[in-house]
Amino acid sequence: MNSRKVNFGAKFTPVLKYTKSKGSLRKGVLMSVKRRRLQIIVLVIFTLMLALPAAACGQGGGDPGRTVMQYYNNVREWFIMRGANDRIEKIRKGDMQVTVVDDKGNAVRDARIYYEQQGHDFLFGSGLAPLGIKDGGPNAVDDQWAQAYTALFNYGTLPFYWDSYEPAQGQTNEQLLRAMADWARKRNIVTKGHPLVWADVSPSWLPPGVNDIQVAEEKHVKDIAGNFCGLVDYWDVVNEPTMGARASTPISAWMNARTPATVCVDALNWARAACPKSTLIINDYRTDQDFRAILQDIIRQKGRFDAIGLQSHMHRGNWPLYQVWDLCESFKDFNVPLHFTEVTVLSGAPRTGISTAQTPAQQDWPSTTEGEATQAEYVEKLYTLLFSHPSVDAITWWDFSDRGAWQGAPAGLLRADMSKKPAYDSLLKLVKGTWWSMGDVYTGMEGNASFRGFYGSYKIIVEKEGKRADATVYMTRGIDNEVQVHLPGYIQAPPTPLAEQIWPYAVAVVALAIIVLIIRQIMIIRRRV
C-alpha cells in the first residue's frame, strides 16, 4: 500500500493566473486606485460640509445636531428636486401608436400625423364655490375668474356642506349645485363634492340622538351621492375624521360614539351603494399617526377608500419640500392614489397662532410684491415635486382668488380684483407648457407612427395629398395605447417593386464606374506619351 506524506505545516502559496496583458492590468489597477481616491475625496468634502456648519453653530451657542440635520435635509431636498424631471418623464408620459389605413384597409405610408394635447389625465384643480355665491348661480360668476380658471384647471371642488346645502330639513340647494356641476362639465372640468360627512358642521335641525343622526346621515349621504351620480365623479366622503374627538357638534358626538373609523366605513358603504362608479376619498389636515391609525382601522373593518386626501394649508409658512416628499412617502404604502386636496401657499407674510374664525386683523392680510415672487417660486417647485411622485394623482389649490379666501389670507392665484399673480403664470406655464405635448410624425411602410406625450386626451389630424382625418384619443397610464385612423377618400398606391427602386441607383453607379475607368485610361496613356 502506497502512502503519501502530507506536511500540514507547509505554507500554502496560491497560483495566480492572469488572463489580461500587463498593460491592461496596470491600467485597471490605476483606475481602481483613482476611483477609491475620488470616493475618499467626496466623503471628506461631505464630512467637512456637515462638520463646519455644526462647529460654527456650536461656537455661536446653537444646536450642532439640529444644524447638521437641517443641512442634511437641504442636501436631500436638492437631490429630490434634481431627479424630478426624470421621474416625470417616466411616470407621467407614455407612447401612442397610430396606424393609418385607406378606404380599402391598406396601410397609408408617409402620412403626416399632427397631435396636440387637449387635457391632462392628472387632476389640476381648485374650488368652485364662487359659482354659487351670487344670485343667478354660475351664470353670474366673474368672467375674469371663469376665464382664468378654465384656462388652467381640469378639476373642481363643489361645496356640499350640510348646513348650507340643507338649511331646513328636506329643503336643499340641489338645483344650484347641479347647475354648478353642469357648468364645470360643459368645460371639461371633472368635479368633486366636498364633504359628505364632517364633524365641524351640523344643520340646526339635526336631532341630537346618536341613532337619529345615524339614520339622518345615511339618508343624507345616499341622497346626494345618488342624485349626483354621473355628474360628480369624486367625493370627500368623510372630511377630517380626526376632528371627531375635538369638535363639539351633534355629528362629532355621533362620531365619538361609533368611533371615527366606523363612521368612515359606514359612509363609504353608503356612498358606494348609491353610486358604485364614484371615487371615494377620506380627507384630513392631520398627516400624522392619528390619521394613519384611522385609515388602518378602516381597512381592518373591511372598509374601502379609493384615495387619500392630504391637506396642506401653509398659512404659517411654506413647508420644506423634503417634508412634502416625506409626506407622500409615508402614505404611499396604503397603495391608493394620494390627492393634495387643499393647498394654500400665501403671497403675503405668514402668520402663526391663527384660528378657524376670521378676525379683523386676519382680514387685513395683504398680498405683497415680495410675497408674490416667493409664492410663484415655491408653487413651481411644489407642483413639480408632487407631479413627480408616482402616488400623487391630483392637486387642488384651495382658494383660487384672494376674494373671500379662508382666514382672509392672501391665498389665491388671483388677487381680489381678479388680476393674475405671478404664481398663476408660473403654474400655467407648467401645466399647459412644460407638461403639454404637441408635434407631428410621419407613418412608415406599415402605416404606423408613434409619439410620446403626457397622459391625457389628444386631438389627432392625419393628412396626405389633400385628404384629412380627425380623431380624438386618450392616452392612459398602464395600458398599450393604440389607435387606427381611417383616411377617407384616399387609396394607397401599391409599393414600387424593389427592382424599380434600385435600378436608377444601379445605373448611376455603373456610369460612375465607367467614367472612372475612362479617366484612368486617359491618365495611363498620358504617362506613356
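The values are calculated or read from the model by the stated rules, or taken from the named source; none is laboratory data. Given the structure is predicted, the values throughout are model-derived calculations rather than measurements. We place every Cβ from the backbone using ideal geometry, glycine too, and count neighbours over all the protein chains shown. Surface accessibility is based on the protein's heavy atoms, side chains included, excluding ligands, DNA and RNA. Shrake-Rupley method; radii C 1.70, N 1.55, O 1.52, S 1.80 Å.
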**Study point:** residue 211 vs. criteria over 20 Å from residue 172 (Cβ atoms) and at pLDDT 95 or above
**Key:** yes
Check your understanding: Can you tell me which of 504, 494 is out of contact with any strand residue (DSSP E or B) (no Cβ under 7 Å at 6 or more places or on another chain), open to solvent by 80 Å² or more (accessible area, probe 1.4 Å) and not aliphatic (A, V, I, L, M)?
Key -> 494
Revision key, fill the gap. Scanning the range 154-177 for residues that are without any contact (Cβ under 8 Å) to a residue 60 or more places away in the chain and either within 28 Å of the chain's Cα centre (by Cα) or closer than 23 Å to residue 456 by Cβ (or both) gives 154, 156, 159, 161, 177
Review point. In the range 265-279, what count of residues is obtained for those that are open to solvent by less than 30 Å² (accessible area, probe 1.4 Å), within 27 Å of the chain's Cα centre (by Cα) and farther than 10 Å from residue 221 by Cα?
Key: 2
Review point. Given the structure, is residue 225 within 14 Å of residue 270 (Cα to Cα), open to solvent by less than 30 Å² (accessible area, probe 1.4 Å) and without any contact (Cβ under 8 Å) to a residue 12 or more places away in the chain?
Key: no
Exercise for review: Consider only pairs whose beta carbons are under 6 Å apart and that are at least six residues apart or on different chains; among these, list those whose first residue lies in the range 417-434 and is more than 10 Å from residue 401 (Cβ to Cβ) and at pLDDT below 95 and whose second residue is assigned to a loop (DSSP other than H, G, I, E, B) and open to solvent by less than 50 Å² (accessible area, probe 1.4 Å).
Suggested key: none
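So that you can scan it fast, the table gives a plain yes or no per residue for (1) under 30 Å from residue 324 (Cβ atoms); (2) open to solvent by less than 10 Å² (accessible area, probe 1.4 Å); (3) free of Cβ contacts under 8 Å to residues at least 60 places away in the same chain:
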{"position": "94", "(1), (2), (3)": "yes, yes, no"}
{"position": "100", "(1), (2), (3)": "no, yes, no"}
{"position": "128", "(1), (2), (3)": "yes, yes, no"}
{"position": "132", "(1), (2), (3)": "no, no, yes"}
**Study point:** Check on residue 73, in contact (Cβ under 8 Å) with a residue 60 or more places away in the chain, over 25 Å from residue 233 (Cα atoms) and under 20 Å from the mean Cα position of the chain (by Cα)
**Key:** no
Practice item. Check off (1) out of contact with any Pro (no Cβ under 9 Å at 6 or more places or on another chain); (2) open to solvent by less than 10 Å² (accessible area, probe 1.4 Å) for residue 375 and give me the number that stays unchecked. Key: (1)
Study note, to complete from the structure: The residue that is most open to solvent (accessible area, probe 1.4 Å), considering only those in the range 431-490 that are among the hydroxyl-bearing types (Ser, Thr, Tyr) and under 20 Å from the mean Cα position of the chain (by Cα), is 474
Check your understanding: With respect to the numbered conditions (1) surrounded by fewer than 24 Cβ atoms within 10 Å (Cβ to Cβ); (2) within 26 Å of residue 340 (Cβ to Cβ), which one is the sole condition not fulfilled by residue 203?
Key -> (2)
Check your understanding: Condition test on residue 303, is it farther than 22 Å from residue 388 by Cβ, over 18 Å from the mean Cα position of the chain (by Cα) and surrounded by fewer than 17 Cβ atoms within 10 Å (Cβ to Cβ)?
Key -> no
Exercise for review: Could you tell me whether the range 226-235 includes any residue that is in a helix (DSSP H, G or I), in contact with an Asp or Glu (Cβ under 8 Å, 6 or more places away or on another chain) and either over 23 Å from residue 183 (Cβ atoms) or at pLDDT 95 or above (or both)?
Suggested key: yes
Practice item. Answer yes or no as to whether residue 374 is polar (S, T, N, Q), more than 22 Å from residue 142 (Cα to Cα) and outside any helix (DSSP H, G or I). Key: no
